[in-house]
Structure formats: C-alpha cells, structure tokens
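The values are calculated or read from the model by the stated rules, or taken from the named source; none is laboratory data. Remember, it's a predicted structure, so these values are computed and weren't measured experimentally. Cβ placement follows ideal geometry from the backbone for every residue including glycine, while neighbour counts extend to all protein chains displayed. Ligands, DNA and RNA are excluded from the accessible area calculation, which covers all protein heavy atoms including side chains. Shrake-Rupley method; radii C 1.70, N 1.55, O 1.52, S 1.80 Å.
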Amino acid sequence: MVLKLIGFSKHVISLFIKIIILLIFSFILNRADSGCNNSVTTSLVPIPPYEILLILQSQSLDGHLSLKDNEGAAKDFGNIHHFPPLAVLHPKTVSDISRTVKYIFEKGTDSEVKIAARGHGHSLQGQAQAHQGLVISMESLRSPEMKIQTGEFPFVDVSAGELWINILHETLQYGLAPKSWTDYLHLTVGGTLSNAGVSGQAFRHGPQINNIFQLEVVTGKGEVITCSENRNADLFHGVLGGLGQFGIITRARISLEPAPKMVKWIRVLYSDFSAFTRDQENLISLKDNTFDYVEGFVIINRTGILNGWSLSFDPKDPLQASQFHSDGKTFYCLEMAKYFNPDEAEVMNQGVDHLLSQLSYIPATLFLSEVSYVEFLDRVHVSEMKLRAQGLRDVHHPWLNLLIPRSEIHNFAEEVFGNILKDTNNGPILIYPVNQTRWNSKTSFVTPEEDVFYLVAFLTSAIPFSTGENSLEYILNQNKRILDFCTNAQLHVKQYLAHYSTQEEWQTHFGSKWGAFEERKRAYDPLALLAPGHRIFQKAMSTSN
C-alpha cells in the first residue's frame, strides 16, 4: 500500500512539473507575441519548429495547415531529392500566406522554420522543398478569380497558383493570349516567374518575366506589397527571376496580345552544325517577317528519325523523305512555327516559303503540319500523357540547362556532342538562340554577356534501379563532365534552373549582380526564411553595414 502511495505521489509530482513547464512556456510565447510588432524577436529559449507550427495550426485561417500526410511535398519532377517538411499550408487567401510568414518571422532567429513555396512541383533539385520546415502549396491559392482587361494594353490578373494552361483557355475566350510561354504549360505562374520562363518565343518577346506589368508579393517579413516598374520597383525586379529569395509571388498582371487560331508547324534536319546555327541566328535577327517560334534539337545516334515525325507531320516530298537514311549520325533539327488565322493562310504560306528558301537544311527532311494554337502550345503535355500511361513519367529527371554565349557554342558543341555524348541520347537535347536585348537586365536573372546566347537543355531521364547509360549515377556523372569541360575551357556559361551547393558558387553565378542580390535579401528576407532548397542563404542576414 505504501509503495502504491509513493508511486501515486511521484505521478502527481511529475504531472505538476509538466504543468508548470507548460505554463512557463506559454508565458514566454505570449511575451514574445506581445512585444514583436513586426520586428524580429529572440525568445528566452529556442522554440522547436514543431511547436511553432502546432500553434500556427490553431490559428484562424481561410485555408488549413496540415501536420501529417505531407509526403507529396517531399517530391518533385526531378525525383532526386526528397526532403520532408513538418507541415504544409494550403492557403485560400493571400492573408493566409502573409499571416503565416509574419508569425514565423516574428519568432526571430530561434524558430529555425524555413518556408518554401511549391507550385506544380516541377522543380528538379528539391528547390521547392523545405526539410523539417513549412511548404506552402500555391496551387491552393486560386482566389480571387482571373480578371481580363481588354483594350490598348490588355492584361490578365491571376493568382500565382494558377496554371498557364488555364490562363491560355480563359484568355482565348477574349481572343487574347500571353506573349511568351514555356514549352510545358502545366506550371504555375509564380513558379515560372521566379525563374524566367523560356521557350522558342523568347527571341521575339523575351522570357515570361519580361511580360509582366505588376506583381503582388509576400516578403520574408510577411508584408504584402504590390510592385511594378514604377512602384516598389526594386522588389519587382528582384522577385522576377529571383528564385523565390525575396518574396512569394501571390498575384501577377500579365501582358496579353491578340491570339492566333492556327499554327504552321515545321521541322527540318541539318547534318552540319555551322549551317544549323547560322540559320537559327539569321531567323532570330529578322525584326518582322520571321517565324513566331524557333527552337532546335540535337539528335545523336538514332535511326528512323523521320518515321516518328510522320505521326504529326507530312513530308513536303514523300519520295525524297522515304529515301533519307540517318545511319546513326548526329543531326540537328530546326523546329519553327508561324501563327496565323484561317483567312491569312495564303499570305502566311508565301511568307513561310520565302523564309524556308533562305535556309540550308537537308531538302528531304522538310516536314510540315497545321494545328490549332492550343494544340501547338500544349504539345509537350500530350507527350507527357503518353509517358505517364507507360509508367515512364515518374522517373529521375537529372536535367541540365545551360546558357552559352554565341562565340563559344561551337567549341561547346564539338566537345559535348562530339565526345561526351557521342554514344548516348536518352532524352531530348534542346538548343536555340535568343537575343539578350529582349531580356530586362534589371531583373535578378543573369545571362551571358553577349548579344546572342544559346539555351542548351539536356532533358535526360534515368530509370530507377537501372544500371549503365540509363542509370541516375551515369547521367549525373555525364552532367558533371559537361560542367567540368565548361569550367576547364573557361566558357562563360550560366546555368538556367541553377543548382549549386555553396554560396561561393552562387556568388560566381550572379557575378556583378551578386551585391544587389545580397542587398535585396537583407531588405526583404533578413532571416533567410524563404526558398531554402536553393541553398543560397543558409543563415540570417546581418543588418550591419
């Protein structure tokens, strides 16, 4: 009986101590809350991240905060890195995001909670993940609805969680569409604007970040700021191409133009790289009467190339096409598109014939097709659905995207396409030039310092648990060989969708823009809460000069 009483007394004492600790902890939190007023505080004891998120879950939100079953937020399209968060915020309003970020910011440096905004999960290296932190699911943010303004300067106001494919369908109802696209439209507005948003229209209109009138941004302090070229311009330029480092884009005003109904879609092949690049550069140098879209592909060691085209294209000369044999050589495909309306078909065809007559492609490889504007812009999604049906979509995607100055592209091609990739081509390789004059140098995005530079994208896939040329290890090593060559040959290459391990590497990447980049981080996200997956800023920024 005595032993039972002693055991009971110990239980009561233990419970009493726990209650006292909880009361003290609650008092500390309340003191921190009452004294913060949008300034950074340092609590008397470090606050475990889970405790902060647990308190956040009890807050009144229009959306909700999930502390379990969040495995999906630890995955992305790259399927290489998997960093699980402690929580996922599913916001319904901008206020949900602002209040959440502000609360974490006000806890100061002791909170250790990092925040990543995640769109459609198409990042490659875990950039939209937050290990043991908070992921904000931007696709949940669809309010308020799209608003389209017609007139002399048409635009669409959209939530940053909206997909570009939905914007296309909505704006087409007004006979309008955005000017610049990515090749894949099932991506969120905030995601592409945080990078750049590039495809074959960039030589005419610049990337997507060049076609934005206004943004709404939640900074790393939780402030909601509207910005544009003339209002809070530093934040506006910083966020565009800023990799999510200065704020979370929550809304964008996107420039529109009259939309065509049809597209003349053309493919040709080259065996000579010099002729291929010369024709591409000539096409993008024409100011008016040129194509609306220009991209290129490298095709290494494949036979029956034209057989695959026949599913979507018709050969200009079927007899010549049937007699063409690739024999496993390296070829360069030039892909072009001309937009038009049905009543303009005759004039359009005359213009296309004139442009083609100036090119030096292999005549037997001229293939053409006419498709709707939507069908052309959404072409990659069709291919993706086929891969998904075969179970080949959710594999590893160790993609490597490079921007290479025109003066160095031949040196690059000779080594990379001639030696490093001589016997393999397990994914598309894009290569096409853009004009630097179409890129706004005020944004955070960095390009090679030449009038014309090339985007070269190695869109390789690796089969899980495979060995040899299809393995992740092999392709990652291949990417390293490419990057090592660029370094050793002293090529002035910049990565697109960049991935580096150290701040020193990022500093080299941004070059002369690093000082402004660092200052913007100090101004808008001093605790380095945002976008930790990029590994640019690991610690809070010093406020001293």
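Tell me the carbon and sulfur percent of the accessible area for the stretch 242-319, rounded to whole percent, probe radius 1.4 Å. Could the numbers behind the result be given before it?
Working: 1470 of 3160 Å².
On the stretch 242-319, the fraction of accessible area on carbon and sulfur atoms equals 47 percent.
Along each principal axis, taking the top coordinate minus the bottom one, the Cα set of the stretch 99-203 gives 52, 28, 20 Å in descending order. Hey, if you drop one equal point scatterer on each alpha-carbon of the stretch 223-267 and run the Debye formula without solvent, what base-10 log of I(q)/I(0) do you get at q = 0.14, 0.21, 0.26 Å⁻¹? Treating every Cα as an identical point scatterer, log10 I(q)/I(0) equals -0.50, -0.73, -0.99. In the frame of its principal axes, the stretch 485-545 has Cα extents of 39, 24, 15 Å, reported largest first.
Seen from all sides and averaged, what is the projected area of the convex hull of the Cα atoms in the stretch 349-410, in nm²? Show your work: numbers first, answer last.
Details: hull surface 31.3 nm².
For the stretch 349-410, the mean projected area of the Cα convex hull comes to 7.8 nm².
Remark: C-alpha extents of the chain on the principal axes read 102, 57, 47 Å, sorted largest to smallest.
Are any of the pairs 92/147; 102/179; 287/442; 422/513; 102/494; 179/264 more than 25 Å apart by Cα-Cα distance, and if so, which?
Numbers: 92/147 17 Å; 102/179 35 Å; 287/442 23 Å; 422/513 36 Å; 102/494 34 Å; 179/264 17 Å.
Violating the 25 Å limit, Cα to Cα: 102/179; 422/513; 102/494.
Simple rule: put +1 on each Lys or Arg Cβ and -1 on each Asp or Glu Cβ in the chain, find the dipole, and look at 458, 337, 122; the Cα lying farthest toward the positive end is 122. Largest first, the residues 442, 102, 513 sort by 1.4 Å accessible area into 442, 102, 513. Taking a straight line from the alpha carbon of residue 338, these aspartates and glutamates sit under 13 Å away, with near neighbours fewer than eight places off in the same chain left out: 288, 292, 295, 346, 353, 370.
Membrane-span-like helices in the chain, defined purely by DSSP H runs whose alpha carbon atoms cover 30 Å or more axially and whose average Kyte-Doolittle hydropathy reaches -0.5, are 2-36. Annotation for the stretch 102-196: GluC sites (Glu not before Pro) lying in DSSP loop with at most 12 further Cβ atoms inside 10 Å of their Cβ are 145, 152.
Note down the Stokes-Einstein diffusion coefficient of the stretch 402-545 in µm²/s, whole number, using a Kirkwood radius over alpha carbon pairs, 10 °C, and 1.306 mPa s. It would help to have the intermediate numbers written out before the result.
Details: Rh = 17.2 Å.
The Stokes-Einstein estimate is 92 µm²/s.
Looking at the chain, the accessible area is 46 square angstrom per residue; that uses a 1.4 Å probe and ignores ligands, DNA and RNA.
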